[in-house]
1. Return S42, S198 ranked ascending by Cβ neighbour count within 10 Å, so the fewest neighbours appear first.
2. So in the chain, what percent of DSSP beta bridges are antiparallel if you round to the nearest 5?
3. Rounded to the nearest 500, what is the chain's calculated 222 nm mean residue ellipticity when only DSSP H runs of at least 4 contribute -39500 (n - 2.57) each, over all residues?
4. Could you please rank T39, T128, T292, T477, placing first whichever residue has the fewest other Cβ atoms within 10 Å of its Cβ?
5. Which of K33/K259; K342/K372; K69/K400; K132/K257; K170/K304; K436/K478 have a Cα-Cα distance over 30 Å?
6. Treat every Asp and Glu Cβ in the chain as -1 and every Lys and Arg Cβ as +1, leave all other atoms uncharged, and give the resulting dipole magnitude about the Cα centre to the nearest 20 debye.
7. Can you tell me the orientation of helix 420-430 relative to the chain, as the angle in degrees between its alpha-carbon axis and the longest Cα principal axis, to the nearest 10?
8. Could you check the simple spin-label distance between N28 and K181, using points 7 Å along Cα→Cβ, in nm with one decimal?
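Read the figures in this text as sums done on the coordinates, not as results from a lab. Everything numeric here is computed off the predicted structure, so don't read it as measured data. All Cβ positions, glycine included, derive from the backbone under ideal geometry; neighbour counts span all protein chains shown.
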Amino acid sequence: MKSFFILITFHLTIILLIQKKICFGQINPEDLKYNPEITASSLKKYLDESTNPCDDFYQFSCGKWIEKKKTDNIFDVELNQFAGYIKFIRYKKEFVVGNFNDRSPTIKKIHKLLAKCFDSTGQNYDKTCASKILSFSNNLLLPLFLDLDVNKELMEHNYGALEKMFGQLKNELKDIIEKKKDFIDDESKEKIYKKLNSLTFSREYSNYAFDFELMEKCYEFFPVNENDSLEQMYDNIDKFENMNINDIFIPDDVPIKNKCKFIMSANNSYMIQMHIRPNAYYSNEGNIMLLTPYIIQEPRFNLKFPKSLNYGALGFAMSHEILHGFDSIGIMYDSNGEEGSKLLTESSENKFNEAAKCFEKQYNETQEERTKLFLNGYKSLAENLADNSGIKLAHRTYMKYLETTGEEEPRVPGFEKYTNEQLFFINFARSFCEYKEKDSYIINQLQTEHVPNKFRINLSLANYKPFSTAFSCGAGTKMNPSDKCELWRMFKHI
């Protein structure tokens, strides 16, 4: 049995984290209002004020944090990004040794499957078998883990604020589109409005991720027979995980059958298990946006932060995801998630593509300093469009919020020289701070659809005139170049 622990412990070096059982007390709404001390403490960990923000805004916003990470344990560097995942892997160790068997007969039944992975001595095990069963148990164990690790009352307060912000972002995008008569014709506008109106902030997958009662009932139908061979057990698992293809396990008259089929399908199961990672996600097929609990945390979001910080980080993240519905891929999907029914007429699409070429060329011509490699503007185009349009949408929405309330937000102690607008941009950048110890990490990043975070920040802001105005960046500085790219040309009047 000891050797089995090695497999689990080795996976992402879970020994980094000691699981704590946290008791969440009832929240007083007064405790969720702006807290200047918490805000100032958070900012102090990141800003490198020795760097001119007009030279390198990413370094200005992240420099102190990056220097600290250079001296940290290398595994701690990724802790914030993978904390939920690492803790969940550790949590599953408890399942392996049977510590949850008294929580539920269904858990105990699934736990029995592990016995098939060991030989007659009980010392040697089949790694493929163990991995398959642990993967199969994810949906069942996830709600128990989230119930322990996530403050659900605080989560509801957070989601309430973010759903309101989501509505503001949608309304602002409608206003932007309405004014762009020279770029988007009426036929295209009608299709865009229809898709935008049907776009929802989805809590469906989050609700499933926290629903242990449902998961337990669904897994009750999985057949466990101690006489089954490994091959038969594998076959049963494969069929159970593909119940939309083969639903022989659950009788048709069972009320929850369709829900079980839904949560066990490969794509939906992935969306549910995504909740152990910090993620903002848009689905073209569903025309939905979701935020997982682990992305709704500092430095991206805190109800005790001023609105400037929250709009700058998670406001941007939501804007980015919303605009994926209208990027170079999203315009190929209609409001029902059907591919092939284009949103834009030929005339509007030609203007869109012409603007997109500017971004592709700009990113292709940008060199990463450490590796001397150039960015891939073609592969990263959809993400770059969402970044450049997303920061503009989030910024306009925040500025309209200030205009609507008619009040200036209070200054942050120790950072009084920064305006609300400047703090908005600072937290946009802070939400992307990263430290890559090895060049190989950067090389791998350059092969993905996301360019390194430094360029996501600096290029999108260098393209955005209101940013250079907010920080008084002179013409021709790195953060205010003469050549800029714009997608919808939606901010020409600013």
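1. S198, S42
2. If I count the DSSP bridges inside the chain, around 80 percent turn out antiparallel.
3. Mean residue ellipticity, 222 nm, calculated: -16000 deg cm²/dmol.
4. Lowest to highest Cβ neighbour count: T128, T477, T292, T39.
5. K33/K259; K342/K372; K69/K400
6. Charge dipole, the chain, about its Cα centre: 960 debye, nearest 20.
7. Helix 420-430 and the main axis of the chain meet at about 40 degrees.
8. 5.5 nm
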